[in-house]
Amino acid sequence: MMESFIIEGGRRLHGSIQPQGAKNEALQVICASILTKEEVRISNIPDILDVNNLIKLLQDIGVKVVQHARNDYSFKADELNLDFLASDDFVKKCSALRGSVLLIGPLLGRYGKATVAQPGGDKIGRRRLDTHFLGFKKLGAHFEQLPNRNVYEIKADKLKGCYMLLDEASVTGTANIIMAAVLAHGTTTIYNAACEPYIQQLCHLLNKMGAKISGIASNLITIVGVQKLHGATHHILPDMIEVGSFIGMSAMVGDGVRIKNVSLKNLGIIPDTFRKLGITIETDGDDLIIPHHDHYEIDSFIDGSIMTLADAPWPGLTPDLLSILLVVATQARGSVLFHQKMFESRLFFVDKVIDMGAQIILCDPHRAVVIGHDQQKQLHAGRMTSPDIRAGIALLIAAMSATGTSRIDNIAQIDRGYEDIEARLNALGAKIERV
């Protein structure tokens with residue numbers, strides 16, 4: 001049964017909201033727990049589909065999972081079912097869950113082998129796993145396609161540290177290679193490593209578990225292999241995409257919203273990017289306050305030319321926020337060019353916003369020019385379908401600012417990444433109903 005949201009537009013938001021734990025960090029640190037026999041306890045785990053499915057998968061392979069509270073779990077991987085790990089059933093479960101790719105590095109590091117399917121996933125262009133596999137090969141692993149089965153086995157007698165230059169700064173690739181290398185023999189140096197806060201958090205957890213990782217927060221990471229890791233505790237950062245989503249909706253339809261406990265130093269360029277759209281963001285300790293906006297005016301560059309916002313690997317602007325920024329820009333004063341460089345099809349949702357009355361020129365699959373309405377002409381309600389998680393939240397923001405009642409289908413795509421989103425927004429004054 002497909003679920004949908006019915007959204008009554010034009011409701012003003014007021015009050016406080018707290019972001020959930022970061023999905024992408026959760027997937028990484030939960031997988032890291034299988035690098036040790038001892039218990040790893042992780043708090044602030046978001047209660048969302050992608051994460052819950054990964055936790056179920058860990059239970060299937062024999063990890064002892066204890067839930068202490070809604071967002072607080074312990075994982076103990078002292079007796080894994082290695083037969084199940086080699087089965088078609090396991091491979092099938094993995095191919096249905098993109099986060100499961102992060103199990104390969106720890107399994108390879110601790111047991112010297114992992115079985116993988118040919119990968120699938122989110123519809124945002126090709127997400128290849130080449131970076132992961134090239135890294136594992138450099139560490140000494142080799143691949144065998146198993147006869148009569150559409151699966152690969154990755155094996156290594158003993159992983160050996162080495163120098164590697166990644167072909168792209170892949171976040172999951174970097175995480176996977178780090179997890180494989182912490183137990184390898186000798187020193188591994190990863191250059192062009194992704195250095196997002198969530199990768200930094202993974203490294204901090206692994207160091208608490210006894211790993212020796214230096215260069216954290218840079219794109220040159222050095223890992224001195226150790227014999228074994230032990231238990232630790234870890235607290236997940238707030239989700240920066242959720243923080244960005246809340247900034248955007250508060251500017252469009254807010255009458256004063258406080259976003260609590262955002263971990264400001266880990267937001268990077270995000271607040272300043274919204275400021276480029278003319279949005280006022282006040283800080284109070286670790287909270288952000290977005291006041292009511294009658295207008296917000298897009299900056300231009302110093303020479304007066306039109307503002308361009310483009311995604312880039314960290315510490316650049318995360319591609320996950322471009323769809324949200326684009327919707328927010330539809331009601332700004334001025335024009336802005338969005339350039340989506342990192343994925344092929346993240347702009348596919350733009351036609352739905354155009355159908356709602358936005359003035360957007362879609363130049364090609366990577367670029368769109370938004371001509372802001374300056375609140376003079378509201379978007380009008382529509383019926384739409386969410387193609388991926390981040391477009392889903394952008395369409396939700398568009399619907400909240402529109403006149404009339406909108407419907408968004410396929411909201412499982414929103415549930416994959418956002419915990420209780422309608423209840424949390426309704427508490428601020430939105431009117432979103434799940435049907």
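The values are calculated or read from the model by the stated rules, or taken from the named source; none is laboratory data. This is a predicted model, so every value here is computed, not measured. Ideal geometry is used to build each Cβ from the backbone, glycine not excepted, and the neighbour counts take in all protein chains shown. Areas reflect the complete protein model, heavy atoms only, side chains present, ligands, DNA and RNA absent. Shrake-Rupley method; radii C 1.70, N 1.55, O 1.52, S 1.80 Å.
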The number of residues in region 305-321 that are assigned to a loop (DSSP other than H, G, I, E, B) and either in contact with a Ser or Thr (Cβ under 6 Å, 6 or more places away or on another chain) or touching a residue at least 12 places away in the same chain (Cβ under 8 Å) (or both) is 9
So which helices (runs of 4 or more DSSP H) are wholly in region 356-435 and hold at least 2 residues that are in the same structural domain as T308 (by the TED database) and among the β-branched types (V, I, T)?
389-401
The lone condition V151 fails out of (1) crowded, with 22+ Cβ neighbours inside 10 Å; (2) of a type in the set (A, V, I, L, M); (3) touching a residue at least 60 places away in the same chain (Cβ under 8 Å) is (1)
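Condition check ((1) at pLDDT 95 or above; (2) under 19 Å from G99 (Cβ atoms); (3) open to solvent by 10 Å² or more (accessible area, probe 1.4 Å)) across all residues:
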site	(1), (2), (3)
E3	no, no, yes
L13	yes, no, no
N24	no, yes, yes
Q28	yes, yes, no
E38	yes, no, yes
I45	yes, yes, no
D50	no, yes, yes
G62	yes, yes, yes
Let me spell it out: the conditions are (1) out of contact with any helix residue (DSSP H, G or I) (no Cβ under 7 Å at 6 or more places or on another chain); (2) hydrophobic (A, V, I, L, M, F, W, C); (3) under 25 Å from P19 (Cβ atoms), and M342 meets all of them except one. Which number is the exception?
(1)
Which residue is least open to solvent (accessible area, probe 1.4 Å), if the candidates are limited to region 404-426 and must be at pLDDT 95 or above and of a type in the set (S, T, N, Q)?
S406
Those residues of region 266-304 that are part of a loop (DSSP other than H, G, I, E, B), open to solvent by less than 50 Å² (accessible area, probe 1.4 Å) and of a type outside the set (A, V, I, L, M) come to a total of 5
Report every pair of residues separated by at least 6 positions or lying on different chains whose Cβ atoms are under 7 Å apart, first residue within region 157-173 and open to solvent by less than 50 Å² (accessible area, probe 1.4 Å), second hydrophobic (A, V, I, L, M, F, W, C) and modelled with pLDDT under 90.
T172/V101
Could you go through region 241-263 and let me know if any residue there is among the aromatic types (F, W, Y) and over 20 Å from S16 (Cα atoms).
no
Condition (residue is open to solvent by less than 20 Å² (accessible area, probe 1.4 Å), part of a loop (DSSP other than H, G, I, E, B), in the same structural domain as G404 (by the TED database) and in contact with a Lys or Arg (Cβ under 7 Å, 6 or more places away or on another chain)) applied to region 346-353: is it met by at least one residue?
no
Based on this model, can you work out whether L80 counts as more than 23 Å from N24 (Cβ to Cβ), among the aliphatic types (A, V, I, L, M) and surrounded by fewer than 18 Cβ atoms within 10 Å (Cβ to Cβ)?
yes
